[in-house]
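Below is one structure, written out as structure tokens, with a few remarks after it.
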Amino acid sequence: MAPTSLPLNLNFKVTAAATTNLPELPEKIRNSRVLVLGGTGRIGGSTATALSNLCPDLQIIVAGRNREKGEALVAKLGGNSGFARVDIDDANSLEIALKGVDLVVHAAGPFQQTEKCSVLEAAINTKTAYIDVCDDTTYSLRAKSFASKALAANVPAITTTGIYPGVSNVMAAELVRLAESESESEDKPERLRFYYYTAGTGGAGPTILATSFLLLGEEVVAYNKGLNNGAGMFN
């Protein structure tokens with residue numbers, strides 16, 4: 001990503017919140033500033049839009065490489081949003097971007113073969129709440145190694161919250177819970193299978209395409225009954 005080219009002390013026009021069918025959030029949360037890294041991409045853009053729909057009062061900074069796409073999204077989000085270019089590989093650029101921000105959403109993938117958790121480190125250093133949509137095991141484990149630093153800094157940090165394995169794992173746990181609570185027998189669920197169906201690319205952008213190819217170049221880790229028993233690859 002290119003270096004920061006827009007000051008992040010943006011002037012926001014506060015608009016009235018549309019509260020129809022939306023949860024009532026505390027005022028402190030409603031007035032939060034959220035930085036969405038990768039905001040011009042498919043996942044980051046969808047995240048920024050969802051956050052704006054959830055709470056129109058949120059001040060959302062869309063950060064990405066494509067100014068044209070970023071400003072187009074900002075125009076849709078309204079006066080509470082702004083665009084900024086941020087270099088996630090530059091610690092100083094990141095820490096400048098995070099000043100005055102309450103939450104950073106890291107959606108600037110791909111996470112595969114990324115050697116550093118630069119955004120997470122900057123978030124801890126600036127005491128900014130952090131969440132990412134990581135879908136890579138190695139990156140996830142590396143991010144979790146910062147747990148003690150995040151706790152010491154009193155910084156909420158959540159990794160791997162994308163549709164897989166984050167949301168899909170939550171769905172699996174919920175299905176097992178329901179099966180156990182609603183079953184009248186003593187039988188417990190023993191196997192749960194996931195199937196993913198797609199039609200073409202599903203509108204995927206270059207980052208998701210790059211992620212797919214990077215994953216194809218990695219060994220597949222297979223688990224059977226919670227154990228990695230070297231069962232080999234599956235398709």
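The numbers here are math on the coordinates, done by the rules we state, and not lab data. The shown structure was predicted, so the numbers you read here are calculated from the model rather than taken from an experiment. Cβ sites come from the backbone with ideal geometry, for glycine too, and all protein chains shown count toward neighbours.
Computed values, structure above
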item	result
Ranked packing of 125-135, 69-79, most packed first, by mean Cβ within 10 Å	125-135, 69-79
Peptide ranges 104-111, 53-60 listed from the most packed, as the mean C-beta count within 10 angstrom indicates	104-111, 53-60
Pairwise label distance in nanometres, residue 224 with residue 164, each label 7 Å out on the Cα-Cβ vector	2.2
Listed residue (131, 153, 29) projecting farthest to the positive dipole end of the range 27-158, Cβ model	29
Cα centroid separation, the range 37-80 to the range 122-189 (Å)	24
Peptide ranges 93-99, 178-184 listed from the most packed, as the mean C-beta count within 10 angstrom indicates	93-99, 178-184
Relative contact order computed over the range 92-187 (Cα-Cα under 8 Å; 6+ residues apart), in percent	25
Taking the range 27-158 and dividing mean pair separation by its residue count, relative contact order in percent (alpha carbons under 8 Å, at least six apart)	22
